[in-house]
Every structure is written in C-alpha cells, then in structure tokens.
Amino acid sequence: MIDVTGTYERLSFRPDGDMEITFRIPASQKGGLMQGIDELISKGVKDLSIKAGKKKRKRSLDANDYLWVLCTKIAEKVPLVTKEDVYRKHIRSVGVYTPLAVQEKAVDTFVETWGKNGTGWVVEVVDSTLDGCKKVFAYHGSSTYNTEEMKRLIDSVIQDCIALGIETMPPAELESLLTQWGKKNGKSEP
C-alpha cells in the first residue's frame, strides 16, 4: 500500500469526461512513493483505490513512537546495532508469530515475501520432522498488535533499557500511553 501526504494542485477534465486530479508530493516521500508504484506496475496493477482526506498531525507521542524512541536509544548505546536490529530482536523474543510448515524449495521465497510486510515481519527457519519441509516461525510486525501484545513488546525493550541505564517513562504514564494507543487504533481487545 502506498501512503503519502501531499497538497492538492489542480483538477482538469479530459475530452472523454474523465477527471484528472494532481497532487504535489514532497521530495522527502519520493523514494517510498516510487518504490510502491514500481511494485504495482511490476504486478500489472493499473486500477487503484485512492483515498484523500485532511492530513492529520500527531499531537503527542503514542505507544509505537515510544517503542521506536527506546529502540533508537538502545542502538545509540550499543555499537554496530541499529534501531531496526533492536526492534527485530524483541519481535523475535516476545512477538506474535504463526508457525508453518513450508516446503524447503519455497522457504527463500516465503522469507522474502513475508519480509516485505515491514521491518518487524521476520522469519525464523528450523528443521522439521516432515520430509522436504522446514518449520517456519513467521513473526508479525507490531502494527498488527493489540494493546496487550504491544505492552509485552515495550516491556521487553524497557528491560534492555534498564540494563543499559537508559531512562524510561514511569509505569503509570506508559499504561496511559498504551490505553490511548489501543483506543486510537481499535486494538484494545486481545
């Protein structure tokens, strides 16, 4: 899915009666937009569902933002580790996954395809008792998490922060943040 923000430029009518709408997209979003368009074109997709609405500004830190702040702080303290490495480590440690049996010849394709869902969509592959198959643990990114799952993930990252002497927010404040995040994202229930 392509998700960008832009500014309405103009509306014009074609001779056949169809409309053309032009939006100006900031250069900072060019890479993601072009990649998304290239992926759609390579799949032969021509007809798209397009939504436009008022750009919403984030007013405050939410639980997902806080998770990334903590991952960044850990990465800054640990040499040769990125915030994405920290995030993926904790996804594999306490995250939500689906166990699957995948034919050995299809494992590489599955891993590549699954990973295209986002940073936290990681796969662990182990031997299987089924001939010609591997057992695959397909971890879901935190964008799919409910409040309880997100709390477990953030608590895991906080444990690393404490071990590294990184300051974290008080538990009551974190609980409030998670509650607001769950309500905003409709993910309050497990």
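The values are calculated or read from the model by the stated rules, or taken from the named source; none is laboratory data. Just so we're clear, the structure is a prediction, and the values are computed from it rather than from any experiment. Virtual Cβ from ideal backbone geometry, glycine too; neighbours counted across all protein chains shown.
Select, from V123, V136, V102, V78, the only residue that is of a type in the set (A, V, I, L, M) and either closer than 26 Å to Q35 by Cα or in contact with a Ser or Thr (Cβ under 7 Å, 6 or more places away or on another chain) (or both).
V123
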So is K151 surrounded by 15 or more Cβ atoms within 10 Å (Cβ to Cβ), assigned to a helix (DSSP H, G or I), in the same structural domain as V123 (by TED's automatic domain parsing) and touching an Asp or Glu at 6+ places or on another chain (Cβ under 9 Å) or not?
yes
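Scan the stretch 112-131 and tell me whether some residue there is free of Cβ contacts under 8 Å to residues at least 24 places away in the same chain, more than 23 Å from W181 (Cβ to Cβ) and touching a Lys or Arg at 6+ places or on another chain (Cβ under 6 Å).
Yes, the stretch 112-131 has at least one match.
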Yes or no: S156 closer than 30 Å to K77 by Cα, among the hydroxyl-bearing types (S, T, Y), at pLDDT below 90 and not assigned by TED's automatic domain parsing to the domain that holds D3?
no
Between residues in the stretch 134-154 that are over 15 Å from I91 (Cβ atoms) and residues that are part of a helix (DSSP H, G or I), which pairs lie under 6 Å by C-beta distance while being six or more apart or on different chains?
K134/E104; K134/V107; T147/L178; T147/G182
